[in-house]
1. Based on what the data block shows, is Val228 open to solvent by less than 10 Å² (accessible area, probe 1.4 Å), part of a loop (DSSP other than H, G, I, E, B), outside the structural domain of Val387 (by the TED database) and in contact with a strand residue (DSSP E or B) (Cβ under 6 Å, 6 or more places away or on another chain)?
2. Between Ala352, Ala334, which is farther than 21 Å from Leu314 by Cα, modelled with pLDDT under 95, open to solvent by less than 100 Å² (accessible area, probe 1.4 Å) and of a type in the set (Gly, Ala, Ser)?
3. Does Arg384 satisfy the condition of being open to solvent by 40 Å² or more (accessible area, probe 1.4 Å), at pLDDT below 95 and in a strand (DSSP E or B)?
4. For segment 165-188, how many residues are over 17 Å from Ile277 (Cα atoms) and open to solvent by 10 Å² or more (accessible area, probe 1.4 Å)?
5. If the requirement is being in contact with a Gly (Cβ under 8 Å, 6 or more places away or on another chain) and either surrounded by 19 or more Cβ atoms within 10 Å (Cβ to Cβ) or in the same structural domain as Asp252 (by the TED database) (or both), which of these qualifies: Pro192, Pro217, Pro200?
6. Can you name the condition, by its number, that Met183 falls short on among (1) at pLDDT below 50; (2) more than 25 Å from His232 (Cα to Cα)?
7. Hey, among the residues in segment 398-425 that are at pLDDT below 90 and assigned to a loop (DSSP other than H, G, I, E, B), which one's surrounded by the most Cβ atoms within 10 Å (Cβ to Cβ)?
8. Assuming Leu367 fulfils every condition listed in (1) open to solvent by 20 Å² or more (accessible area, probe 1.4 Å); (2) of a type in the set (A, V, I, L, M); (3) assigned to a loop (DSSP other than H, G, I, E, B) apart from one, which condition is it?
Amino acid sequence: MAPITTSRVEFDEIPTVVGIFSAFGLVFTVSLFAWICCQRRSAKSNKTPPYKFVHVLKGVDIYPENLSSKKKFGGDDKSEAKRKAALPNLSLHLDLEKRDLNGNFPKTNPKAGSSSDLENVTPKLFPETEKEAVSPESLKSSTSLTSEEKQEKLGTLFLSLEYNFEKKAFVVNIKEAQGLPAMDEQSMTSDPYIKMTILPKKKHKVKTRVLRKTLDPVFDETFTFYGVPYPHIQELSLHFTVLSFDRFSRDDVIGEVLVPLSGIELSDGKMLMTREIIKRNAKKSSGRGELLVSLCYQSTTNTLTVVVLKARHLPKSDVSGLSDPYVKVNLYHAKKRISKKKTHVKKCTPNAVFNELFVFDIPCESLEEISVEFLVLDSERGSRNEVIGRLVLGATAEGSGGGHWKEICDFPRRQIAKWHMLCDG
């Protein structure tokens, strides 16, 4: 009986041994997986992607490693208002502003320390003891205005530029605008905001928040772009578009500012600039381009076939370069829109080829109260698309639009194509 007892004990020990080895294997696998994840995360954190963008509102730290729930804000608003009221109303009064980009007021004069010192204290892009240079071009811009610009003043934009060599970060601070025109005739004010684009590639488009009912908006918003080599900055330009927000229609364009960065030295520290806001692309109103469309009315099925074929000689959307056009087609019945379609976007071209067909059902037996509106728009990510040009075909349309519509009604079941000049949107 003894051998039988021994064999039972050996069989009972086998599952225990297997369980122990399985537990050790599981612990080892989990530890290995966690180690691999940590290595990948650390590798990703060491790599700075090109043109990494961080947007900072007033008084918030801008370094990604310091962004947390504990946001550092600047001085009290009341003390700030008193300080600004005491300043004389000069075009270069921003030279007296000694806050850093975090909005903090330094208690003592900091000294430029090593990289380890920057990690231990509240991060500042630049020491306050660095020089704050004013661009000579900004002084010329306030005095070299033409007679036409003097008659129609669109205001002044205040901004500052910096470059952090340690972080390879290009920093643009939109401070404020003064003397903007009123775009709302009823309230005699505006709801301004600013869009900024880095040229020439137009890959980075950012905008400030909207400030309600003011002609002298103070934005104080910082836009930081990481991974920008300092020599590459000389090849860039900054394009600012000043707009007024409209809740019920397209936003009104107040004007624009173009700041070429060639010849601007940021190695000496923060550079303050003032630029006069000019009327947006005056050449654009002389010609909006042409649109080739083809229409056919099927009286038997009571449908209207619309083919958007081509567009040519489209103007630049702004000084930033070529537009990204697409066409929006609206069908109206008795001045009420009943259907809408749109084409695909064609990238960076003044001569777009669409070749897209749309079929609309007509709710009535004739085309007397029907009209078709074509809107050529410039596609812009993150903001409202701007209308490049407009075309209307209908019984009451003027010019070539009315003639084309008459031919469509007189010759049903026939596809009739024509070029049309685009008008203002």
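1. Against the criterion (open to solvent by less than 10 Å² (accessible area, probe 1.4 Å), part of a loop (DSSP other than H, G, I, E, B), outside the structural domain of Val387 (by the TED database) and in contact with a strand residue (DSSP E or B) (Cβ under 6 Å, 6 or more places away or on another chain)), Val228 qualifies.
2. Working: Ala352 fails: farther than 21 Å from Leu314 by Cα.
Within the list Ala352, Ala334, the selection yields Ala334.
3. Answer is no for this residue.
4. Our first condition is that a residue be over 17 Å from Ile277 (Cα atoms); within segment 165-188, this holds for 165-172, 184-188.
Still in the list and also open to solvent by 10 Å² or more (accessible area, probe 1.4 Å): 165-168, 184-188.
Summing the residues that are over 17 Å from Ile277 (Cα atoms) and open to solvent by 10 Å² or more (accessible area, probe 1.4 Å) in segment 165-188 gives 9.
5. Just a single option satisfies the conditions, and that option is Pro200.
6. The failed condition is (1).
7. This residue is Gly425.
8. (1)
The values are calculated or read from the model by the stated rules, or taken from the named source; none is laboratory data. Quick caveat: nothing in here was measured; it's all calculated off a predicted structure. Cβ sites come from the backbone with ideal geometry, for glycine too, and all protein chains shown count toward neighbours. These accessible areas exclude ligands, DNA and RNA; they are computed on the full protein's heavy atoms, side chains included. Shrake-Rupley method; radii C 1.70, N 1.55, O 1.52, S 1.80 Å.
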